[in-house]
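Comments concern the structure below.
The values are calculated or read from the model by the stated rules, or taken from the named source; none is laboratory data. These numbers were taken from a predicted model, which means no experiment stands behind them. Glycine gets a Cβ as well: all are built from the backbone with ideal geometry, and neighbour counts include every protein chain shown.
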Amino acid sequence: MTAVTTDANPQDARKAGRIVYLAAVVLLCAWVLVPLYFLLINTLSSPEAVNSFPKSFFPAFDLGSLTFFANFGGMLSALKNSIIVAALTMVLSILIGAPAGYALSRFDFRGKELFRLLILLTRAFPLPLLALPLAVLFIRTGLDDTALGLALVHTTLAIPFAVLITFSLFSGIPIELEEAAWTLGCTRLTAFTKVVLPLILPGITASAIFAFVISWNEVFAAAVLTIENRTLTAFLLQTLGEAPLHLKFAGGFILVVPALIFIFAVRKYLFAMWGIANR
Amino acid sequence: MTLISKLSGAVSGLAILCAATAAQAEVLFWSTQARPVEEAQAMRDTVLSGFDGGVDYQPNEDGPWLTRIKAELEAGQGSIEVMGALHGNFSAMNPDDLQDLGDLGLSSVSDTFNSLAMLGTDQMQYIPWMQASYIMAANKEALQYLPEGADINALTYDQLIAWTANVEEATGEKKFGFPAGPKGLKHRFFQGYLYPSYTDGVVRTFASPEAVTAWEKFSELWSHTNPASTNFSFMQEQLLSGDAWIVFDHTSRLAQAFNERPDDFVAFPAPAGPTGRGFMPVLAGLAIPRTAPDMDAAKALVGYMMQPETQIATLRATNFFPVVDVELPDDLPPSVRAAGDAVAKMSAAPDANPGLLPAGLGDRGGDFDRVFVDTFERIILAGQPIDAVLEDQKKTLARIMEETGAPCWAPDAASEGPCPVE
């Protein structure tokens, strides 16, 4: 009975496994890269080529669409505003989120579970619903049309991620490490900065990326709460929905590239996180 | 430690950048029109650049547009000076929130537009700014399949159906394109074209026997329609890509096709039905919110927008036609010539039967449109029986009319009190 099933050559099995593994890697890469590649090709194609079918696999290096945006008034200041708001969101959400994550993992207090649930609630209300009262409040307090005001809104959206990511990372670091540091002369604070912080840096990076991407992609609040200091997304995305196809591609490309550059710049911190997880 | 000092450095750097935002004294023009990037650019570069003091032109989608202006009204102060939007956007607002503009002495040449702009009050609440309409367009390759004896400038719905059937037979593909996508303006086709052409009404005749015929004809047309139409919102894209040869859409949503390949396409009037050639003019207007910080500058900008030269520049930029008396120059872009020609033929046709924009519905305009979209989806997409669907939707429509008390508008016969659904 069993003789039949032991036929398989272990080497064949390993080879087949490798092929499946490679195929999965290729598929996942293609999943991400092919759309980006088509975005690039269409950005660099003439309007006629964008509308024609079948598509060429090689860009024609027609810079017409990109030149249009280069001359489109206000792009650079919108890009600057986007970066300022995203960076502020990043800093604020980590400054608020990481201590909350630390407290959740290290201390026991009443209502801890409820707090963990409540923190998710900031994402439970759709922004179009919140935008009106927020805008009224911001106009009255003078926060209206400032990068800080918008960053505060985006921080609220990013905090659940910051708290939950740092919470699970702090929980993964044994309290004994901190206790050992205390016995060796560290205070609570220095034990945290010298021992724990380097270990969770990748997690902080991950939540920073989340905060950045959330802020970068958010349109509605940005469109309502900023007027002269528009973010790039509010500035471009609203006008792209009805733009001709070749400008849609070019605009999409312009929106994607800064986010990609940012993620590339911080990737080494992010990959270190999987190092921790594997240990 | 280095991390913390880096972070604090970054924060202080950002704080300095934030503080460096310069104050501007430009007039803020908050618009739902001329939104596509090229149009927005043209508005800034050619239309508004001639205004003294400068204009900050900000096109927005309807949601953020309305939310922002509501917030400013509620807060009692704001930065928006001039609002540009469709009639429907303004009719959804409270007329008290809009500055009375009767004292500006500005108006359009059309009395219908001027009375629409009063929003049910006795003062101009907005100034008619520019107009457009919906037309048909076709790839010239489709012309050889026109049914015998049909004149493209005086088509009937039956001829249109026969034409699309001929094209399908010859090419094996369904080549009629209809903007039934999420952002498509399909409801305007039913309100301003199909219903007036078949029932000589929109509200009164919603569930009449003639309306049943209209929907039967439309399902016949739908059987020759590219099934991907439920994803089409801007028919210029499908004209250019060849996915559709014969299409219906807003003039400005067809412009790109004519401008890119003027020799390949023709524009022509909408077809006629038993009760005439229904068509719908589109009206955009300019208003000033009561919270405008500099009322004089705002009024000056509205006045500037209504000058004949500005109106022609606006036509070039947006494909929306002037509402004041102007002499049109000869060197207009191909899209403007094609669309202007089709609109002129359509409104001058002996059987023309204009259907006006819904009026007096206040903020229920969206619900009114939804009735027609739902009816379309249930009859055409879900294949439900026409009689039952019309009877059902009729109740919703009647409720909207009663709750808003909106009187009938053309082509429905005038009513005393709310327009009845018969």
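With respect to the conditions (1) assigned to a loop (DSSP other than H, G, I, E, B); (2) farther than 25 Å from B:Gln77 by Cβ; (3) facing chain B (nearest Cβ under 9 Å), A:Leu95 falls short on a single one, namely (1).
Residues in the range B:23-39 that are facing chain A (nearest Cβ under 8 Å) and either surrounded by fewer than 22 Cβ atoms within 10 Å (Cβ to Cβ) or modelled with pLDDT under 90 (or both): B:Gln24, B:Arg35, B:Pro36, B:Val37, B:Glu38. Taking the numbered list (1) without any contact (Cβ under 8 Å) to a residue 40 or more places away in the chain; (2) within 14 Å of another protein chain (Cβ to nearest Cβ); (3) of a type outside the set (S, T, N, Q) in turn, A:Leu117 passes all entries but (2). Of the candidates B:Val371, B:Val336, B:Val343, the single residue that is among the hydrophobic types (A, V, I, L, M, F, W, C), in the same structural domain as B:Tyr157 (by TED's automatic domain parsing) and touching a Phe, Trp or Tyr at 6+ places or on another chain (Cβ under 9 Å) is B:Val371. The residues of the range B:109-151 that are in a loop (DSSP other than H, G, I, E, B) and in contact with a helix residue (DSSP H, G or I) (Cβ under 6 Å, 6 or more places away or on another chain), listed by number, are B:Leu119, B:Thr121, B:Gln123, B:Met124, B:Gln125, B:Tyr126, B:Leu146, B:Pro147, B:Ala150. Which members of the range A:99-129 meet the condition of being over 25 Å from A:Glu176 (Cα atoms) and assigned to a helix (DSSP H, G or I)? A:Leu114, A:Phe115, A:Leu117, A:Leu118, A:Ile119, A:Leu120, A:Leu121, A:Thr122, A:Arg123, A:Leu127, A:Pro128, A:Leu129, listed by residue number. Taking the condition closer than 21 Å to B:Gly63 by Cβ and among the β-branched types (Val, Ile, Thr), does A:Val163 pass? So A:Val163 fails the test. All of A:Thr239, A:Thr226 fail the test of being in contact with a helix residue (DSSP H, G or I) (Cβ under 9 Å, 6 or more places away or on another chain), at pLDDT below 85 and either among the acidic types (Asp, Glu) or surrounded by 21 or more Cβ atoms within 10 Å (Cβ to Cβ) (or both), apart from A:Thr239. Elements of the type helices (runs of 4 or more DSSP H) sitting completely within the range A:186-233 and holding at least 1 residues that are more than 13 Å from A:Phe161 (Cβ to Cβ), assigned by TED's automatic domain parsing to the domain that holds A:Leu260 and touching a residue at least 40 places away in the same chain (Cβ under 8 Å): these cover A:197-217, A:220-225. For B:Gly172, the criteria (1) over 30 Å from B:Ser107 (Cα atoms); (2) in contact with a Phe, Trp or Tyr (Cβ under 7 Å, 6 or more places away or on another chain) hold in every case but one, which is (2). In the range A:155-184, the qualifying residues are those that are modelled with pLDDT under 90 and in a loop (DSSP other than H, G, I, E, B), and the one that is surrounded by the most Cβ atoms within 10 Å (Cβ to Cβ) is A:Ile173. Exactly one residue among A:Gly97, A:Gly142 is surrounded by 14 or more Cβ atoms within 10 Å (Cβ to Cβ) and of a type outside the set (A, V, I, L, M), and that residue is A:Gly97. One residue stands out among those in the range B:227-275 that are without any contact (Cβ under 8 Å) to a residue 60 or more places away in the chain and closer than 26 Å to B:Pro354 by Cβ: the one that is farthest from the other protein chains (Cβ to nearest Cβ), which is B:Ser229. Only one entry in A:Ala162, A:Ala211, A:Ala206, A:Ala221 is within 19 Å of A:Pro99 (Cα to Cα) and in contact with a His (Cβ under 9 Å, 6 or more places away or on another chain), namely A:Ala211.
Scanning the range A:49-76 for residues that are part of a helix (DSSP H, G or I), in contact (Cβ under 8 Å) with a residue 40 or more places away in the chain and closer than 22 Å to A:Leu150 by Cα gives a single hit, A:Met75. Just wondering, is there one or more residues in the range B:64-77 that are more than 14 Å from every other protein chain (Cβ to nearest Cβ) and part of a helix (DSSP H, G or I)? No, there is no match, as no residue in the range B:64-77 is more than 14 Å from every other protein chain (Cβ to nearest Cβ) and part of a helix (DSSP H, G or I). Checked against the criterion of being within 30 Å of A:Val153 (Cα to Cα) and within 14 Å of another protein chain (Cβ to nearest Cβ), the candidates A:Gly74, A:Gly64 yield just one match: A:Gly74.
Residue-by-condition table, conditions (1) within 22 Å of B:Val324 (Cα to Cα); (2) surrounded by 23 or more Cβ atoms within 10 Å (Cβ to Cβ):
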{"position": "B:Glu61", "(1), (2)": "no, no"}
{"position": "B:Ser79", "(1), (2)": "no, no"}
{"position": "B:Val82", "(1), (2)": "yes, yes"}
{"position": "B:Leu86", "(1), (2)": "yes, no"}
{"position": "B:Asn89", "(1), (2)": "yes, no"}
{"position": "B:Pro95", "(1), (2)": "no, no"}
{"position": "B:Gly102", "(1), (2)": "yes, no"}
{"position": "B:Phe113", "(1), (2)": "yes, no"}
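Of the residues making up the range B:157-192, those that are under 16 Å from B:Lys217 (Cα atoms) and β-branched (Val, Ile, Thr) are B:Ile161, B:Thr164. Within the range B:259-290, being within 25 Å of B:Gln144 (Cα to Cα) and in contact with a strand residue (DSSP E or B) (Cβ under 6 Å, 6 or more places away or on another chain) holds for B:Phe265, B:Val266, B:Ala267, B:Phe268, B:Ala270, B:Pro271, B:Ala272, B:Arg277.
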